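Report on one structure; see the data block that follows.
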Amino acid sequence: MKLRYLAPVVLLALTTVAAHAQAGVGLYLNPIAIRVSNSVADTGSFAFLGQNSTSQVFYGYNLGGYYDFFHSGSLSAGFDMRFSDLHANNAMLRNFLVGARFSDKPFTRPFRPYVEVAVGTGTTKAPNSTIHRTKLDYAIEAGVDYTIASHVDFRAIEIGYGSLTTASTSTIAASGPSIPASKLVSFSTGLVFRF
């Protein structure tokens, strides 16, 4: 099954689970920006960040859902699944991550901070190539949701840090310098619908 079909199926399953459980389920579709940076500039024709560039900001969307199945006082724990699709400089970055999620309500409503640790796959395509490279991806995300209605939260901010080995001249054309894994710093905001 292709990755683009897996995310909607998982989200549908999450909503089905929510109908049968006393757990927290949230679905979101938010804009996202990721700054991809590397310590070594790729000088070849398949440079993911652009020739001689060491950083680039990618823009796109973040589609995902979480399922909090454990509750103890104000603390909740569960898992999160997300798919991101981003583009910049005619290059493409997509990732699919699954991980543990922990949230708390340390204040009286409406603030709910959370943290997530996730792993998955990241697929990249350099600007002058049709070849896609898929590698292991990981991320640590932290954010704050603000309740604005009984089933709607405003994701005030989410900040993440991760790492991914991207497409490069050395991986596509087997020439040029070896490019280490890129660092990914992400920023997102938007709405979360809870069930």
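Of note:
- Set of segment 139-171 residues, backbone N closer than 20 Å to the point 7 Å along the Cα-Cβ line of residue 39: 139-140, 161-171
- Between residue 157 and residue 170, the distance separating the two model label sites (each 7 Å from Cα on the Cα→Cβ line) works out to 3.4 nm.
- Residue-averaged 222 nm ellipticity for the chain, from DSSP H runs of 4+ at -39500 (n - 2.57), nearest 500: -3500 deg cm²/dmol
- Phi angles of segment 87-98 translate, via the Karplus equation with coefficients 6.51, -1.76, 1.60 and θ = phi - 60°, into HN-Hα couplings of 9, 6, 6, 6, 9, 10, 9, 10, 9, 10, 10, 10 Hz per residue; Gly and Pro are given as x.
- When only Cα pairs below 8 angstrom with a gap of at least 6 residues are kept, the chain shows a relative contact order of 23 percent.
- Computed over segment 43-108, relative contact order equals 29 percent, with contacts defined as Cα pairs under 8 Å that lie 6+ residues apart.
- Most fluctuating residue given options 106, 180, 127, as computed from a GNM of the chain linking Cα atoms under 10 Å: 106
- Gain on full extension, evaluated as 0.36 nm per residue between residue 115 and residue 134 minus their Cα-Cα distance, stands at 4.3 nm.
- Count of Lys pairs (Cα-Cα under 18 Å; at least 8 positions apart or interchain) in the chain: 5
- Relative to the longest principal axis of the Cα atoms of the chain, the long axis of helix 3-20 makes an angle of roughly 10 degrees.
Throughout, read-outs are computed from the coordinates displayed, never taken from laboratory work. Quantities reported herein were computed from a predicted structural model and do not represent experimental measurements. Here Cβ is always computed from backbone atoms with ideal geometry, including for glycine, and neighbour counts include all displayed protein chains.
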